1. Give me Rg/Rg_expected for segment 140-215, where Rg uses Cα atoms only and Rg_expected = 2.2 N^0.38 Å with N residues.
2. Report, to one decimal in Å, the Kirkwood hydrodynamic radius for segment 210-289 based on all distinct Cα pairs.
3. Taking amide H atoms as placed 1.01 Å from N in the peptide plane, list the residues 5 or more away in sequence, or in a different chain, whose amide H sits under 5 Å from that of L167.
4. GNM on the chain, C-alpha springs below 10 Å: top fluctuator among R247, R214, R277?
5. So for D15, D255, fewest C-beta neighbours within 10 Å to most, what's the order?
6. Spin-label point model (7 Å from Cα, Cβ direction): what's the D255 to R278 distance in nm?
7. Specify the angular offset, from 0 to 90 degrees and rounded to the nearest 10, of the alpha carbon long axis of helix 9-20 from the longest principal axis of the alpha carbons in the chain.
8. For log10 I(q)/I(0) by the Debye sum over Cα atoms at q = 0.08 Å⁻¹, pick the label among (1) -0.48; (2) -0.37; (3) -0.57 that corresponds to the value derived from the coordinates.
Amino acid sequence: MNLRSIDLNLLVVLDALLDEAHVSRAAERVGLSQPAASSALERCRHLFGDPLLLRGRGRMRLTPKAQALRQPLRNILTQVTELLEAPEPDLKSLVQTVRVMTAELPPALLTGRIYGQLMQTAPGLTLAVLPWQGAQATLEALAQGRIDLAISVFPTIEADFTRSELLRERYVVAMRRDHPAAAGFDLDRWLAFPHVLVSGRGETHGPLDEALSRLGRRRHVGLVVPSFLGVPPLLLASDLIALLPSRTLLPGEVDRFATFDPPIAVEGFPLHLAWHRRSERDPAVRHVAQLIEAVLGEAAAVNPPA
């Protein structure tokens, strides 16, 4: 028998019908109208291939099949109730791996503080941070259960997923502190030196170049790399200039760089945390999600967008 074709709410109604042996009283007990309870009884008769209740004087009479169903039905409903009302497990007793796929966040910003808190609240959990594979591949991994949480920009998301906004990010122009463009920085100084562009597909032209073109200007892209996280060391060792999300530079190293607002308008972006709805009842995944929201919420308060 295919359970997907069965309305399990029928079992609740059937339990009341067999207990009351009276359609109207059973209807009142489960909060249905009398016609709705009668309809449910007909569906149960079809499901079990038996009349179940036969008309008699005053009360209806249970068939032998109905009598045999009473205790197993009561046991099943009791087990379901206990399952749904089971207390949340103690976080300290959980032994589980929670897999997080994240795009372009410095590991120290995310994992360092979260791991410290996990050791206090749920020491049996393992936090596994996976490399970014693109938004579509990440959503597929969530859907297939290969990862539990994802951090990135998700402008739209399907009904099977849930997302929450962690923070809003802004872009800054970054270079080493003693860079020759840092003195009197402006659009001309910005465009006078080679830029490092971040592209996972090796592209050398992006939305910023389109905006510059509309102004009749262009930049020279000297280097293309696949990740923002690899850019800061390159800046320290060269005259390259980069346009970076502000949180790419951690507070402990920001004094090694000169940063400026872009000379032309560059729109920021929201950062989201996403998960599949099946994970909403998983206490380990929920706990890690709450820690991520708290840690990045604090980061947003310390470094709000301009």
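Coordinate-derived values only; no laboratory data. In this text, all values refer to a predicted model and were calculated from it rather than measured experimentally. FYI the Cβ positions are ideal-geometry reconstructions off the backbone, even for glycines, and counts take in every protein chain you see.
1. Numbers: Rg = 18.5 Å, N = 76, 2.2 N^0.38 = 11.4 Å.
Compactness ratio reported: 1.62.
2. Values: mean 1/r = 0.0613 Å⁻¹.
Hydrodynamic radius (Kirkwood, Cα only) of segment 210-289 equals 16.3 Å.
3. Sorted by chain and number, the residues that satisfy this are L271.
4. R214
5. On the way: D15 19, D255 9.
With the sparsest Cβ surroundings first, the list reads D255, D15.
6. Taking the two extended label points, one gets 5.0 nm.
7. So the inclination is approximately 30 degrees.
8. After the calculation, the listed value that fits is (3).
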